[in-house]
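Reviewing the structure listed below.
Every read-out reported here was derived from the displayed coordinates using simple, explicitly stated rules and does not represent laboratory data. No experiment lies behind these values; they were computed from the predicted model shown. Every residue, glycine among them, receives a Cβ derived from its backbone with ideal geometry; neighbour counts consider all protein chains shown.
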Amino acid sequence: MPLHQKGYADSVALLLQKATNDSVKSKLNTLLVFCWMNTDKARAAQYLMEARRLAKNYPLMWAQTFAHEGYLYFNEDVPRSEACYMKVDSLLRNDTSKNAYLLRSNAWQNYAVQQQGKDDDATFIDLILNKAIPLAVLSGDSSLLGSEYTNVAIAFTNTEQYEKAEQYFSHAIAILKPAAKEPSRLLVALYRAGENYINLGKYVAARDILDTMKILLAPYPETGLYTGYYMVEGLYNHKMKAYAAALVSFDKGIAASSGINAASRVDELEMMKAETLLEMKNYTAARDLLLRLIADESLTSLDYNRVKVLKGLTSAYVGLGNFPQAYHYLETYSRLSDSLYKTRTQRDINALEIKFRNAENKQEITALKAKNEKAALSTKNAWLITGLVASAFMLLLVLGIGALSYYRNQKKLAARKMQEIVQQKELDVTKAMLEGEEGERRRLARDLHDGLGGMLAGVKMNLSGTASVLQDEKLFQIIGQLDSSVSELRRIARNMMPESLLNFGLETALKDMCELNMAPGLSIDFQSLGVQHDLPEKTQILIYRIAQELLANAIKHAGADKIMLQCSQNQHIFYLSVEDNGRGFNPATTKKGMGLDNIRNRIDFLKGKIEIDSVVSEGTTINIELNVNE
């Protein structure tokens with residue numbers, strides 16, 4: 001949905017008036033659903049029904065109307081919304097078009113978010129990794145894929161694995177930036193990444209995120225995505241101890257909120273605002289805000305939010321000196337932590353509760369006796385009781401902190417399990433992408449060699465016959481150029497998928513590659529030791545591509561005249577080394593380009609590692625160790 005929503009809605013309505021084709025009309029009506037769903041839901045529902053009526057003879061459009069229905073009732077009727085998303089998947093399950101994959105991926109993503117809203121993070125991450133991301137890869141839509149990686153990153157942020165989240169945010173932003181004609185998804189990734197940087201204490205990086213968002217948001221003054229900008233700005237100001245400025249930022253974010261998730265964003269901002277008020281020691285304002293939040297069932301239906309609000313109320317009442325109320329909320333907070341993470345803290349809390357109640361009873365007895373005792377004795381007893389109550393409260397506070405520590409450890413354990421799932425899914429996605437790339441290489445190589453190569457060879461033969469009759473020198477020159485073109489075309493085809501690799505194995509293919517790349521002024525020494533001939537074909541292709549990329553770098557970028565390529569194998573470990581006497585480079589600053597990303601992707605897939613030793617003007621040595629055990 002474009003960020004210029006008002007102008008966009010007018011443009012779509014104008015196109016709808018002129019449209020004559022039912023499929024086009026249906027598409028335009030679905031776009032108008034998005035335009036009106038946040039401001040006039042009844043009007044949006046009318047457009048939806050009209051879109052469905054027009055889409056009866058168009059299966060893809062028919063399925064799309066259910067996707068829009070799911071989005072329309074995303075918050076108001078969750079069961080209906082979930083059923084719509086599942087219907088999208090069932091309707092398009094046998095459709096292998098990219099648009100079908102796109103719709104199914106979006107449907108699973110939204111369905112997963114609804115499970116997260118039910119406090120089911122495990123199902124959320126499972127659906128994103130096993131359903132949404134694989135379908136996004138098949139759709140070829142980089143914007144959608146980037147959005148899915150943003151969701152994975154947010155899951156890691158929620159489990160306090162901020163370093164891992166940072167990696168996924170960086171990956172998502174790198175995917176989304178080139179596709180940011182309508183930067184909604186990029187802006188979401190940026191503001192969540194900014195929040196994560198704040199959690200990591202990387203305030204300079206968070207400030208850079210704010211600067212980037214400000215530029216992207218400038219053309220869209222009315223978009224609700226300003227909420228994310230002000231959220232990060234408020235968190236940044238809070239960490240800089242500019243508390244008054246932080247409150248202003250949070251209020252601006254609340255005012256800017258709009259769209260399907262507006263309510264949850266407002267709740268999030270108000271909890272952040274409460275934390276800032278506590279830091280300012282404005283305990284009364286913090287208490288009033290938190291009491292309003294704890295009464296919001298949509299907010300406290302999530303255990304994580306309820307724990308945060310209860311903890312904040314405990315701190316607010318401590319600041320106000322109201323220990324009984326502080327105890328009440330601390331007790332509730334501890335009981336919730338206990339029920340969630342199965343600690344044994346409740347037994348200790350009950351014992352402390354008895355002490356606390358006994359202290360209160362003693363205080364009442366003392367108050368009755370104080371009427372008949374001297375003022376000095378009354379004052380002394382009152383102080384003793386207060387001290388006892390305070391001691392009991394402090395013990396409760398210590399137990400509460402212990403419960404929080406256990407709670408965090410449990411989250412980290414769950415996060416570790418989730419990380420294992422993510423890593424396996426990463427391998428699956430990488431495998432699919434690499435296999436797709438190799439399949440495309442084979443097809444192109446075959447087309448070039450057998451198709452275009454054969455045609456050029458036929459043209460050459462015909463011209464040769466004509467030239468021998470006419471004895472035309474210029475024609476002979478053209479034949480020579482054509483001959484060179486045929487040779488170059490077949491060389492390219494061999495590079496894309498060398499026949500020697502498929503027919504004779506990895507060792508022979510590497511040797512042929514070295515010999516074919518030798519030229520006057522360039523010697524390439526190939527050495528091989530113990531390479532097994534029964535390596536799986538896919539593994540051989542991966543190793544060949546790594547060596548091919550390294551050799552190309554040494555020839556094109558290093559300016560070397562001597563290159564040595566070595567390979568050896570010791571059981572399931574394969575060693576590959578490339579050494580040149582070229583100009584060298586600084587590995588610390590040269591992290592991108594030179595094909596290093598492609599090399600690292602293949603190395604990671606084979607669970608290997610790479611070491612780069614390069615000195616400027618002296619040369620480069622690259623050592624790679626790969627696990628080839630099937």
* Rounded to the nearest Å, what's the spacing between the alpha carbon centres of the stretch 241-281 and the stretch 28-43? Just the number, please. => 28
* **Potential extension, residue 292-residue 320 segment - 0.36 nm per residue separation minus Cα distance** => 8.3 nm
* Structure fact -> Amide H neighbours of residue 531 at under 5 Å, excluding residues fewer than 5 places away on the same chain, with H built from the backbone geometry, are 569
* **Using a Förster distance of 45 Å, the FRET efficiency for residue 527-residue 174 (Cβ separation, nearest 0.05)** => 0.75
* Asked: Over the stretch 152-206, what is the relative contact order in whole percent, taking alpha-carbon pairs under 8 Å and six or more residues apart?
  -> 32
* **Count of Lys pairs (Cα-Cα under 27 Å; at least 8 positions apart or interchain) in the stretch 500-627** => 20
* Tell me, what is the percent relative contact order of the stretch 500-627, built from C-alpha pairs under 8 Å that lie six or more residues apart? -> 23
* Using mean Cβ contacts within 10 Å as the protection proxy, how do 516-529, 91-104 order, highest first? -> 91-104, 516-529
* Structure fact -> So, with points 7 Å from each Cα along the Cβ direction, the residue 241-residue 581 label distance in nm works out to 6.1
* Structure fact -> Stretched fully, the stretch from residue 262 through residue 160 gains (0.36 nm per residue minus C-alpha distance, one decimal, in nm) 34.3 nm
* Asked: At residue 123 and residue 39, where each label point lies 7 Å from the Cα along Cα→Cβ, what is the point-to-point distance in nanometres?
  -> 3.5
* To do: Could you calculate the FRET efficiency of residue 556 with residue 416 from 1/(1 + (r/R0)^6), where r is the beta carbon distance between them and R0 is 35 Å, rounded to 0.05?
  => 0.25
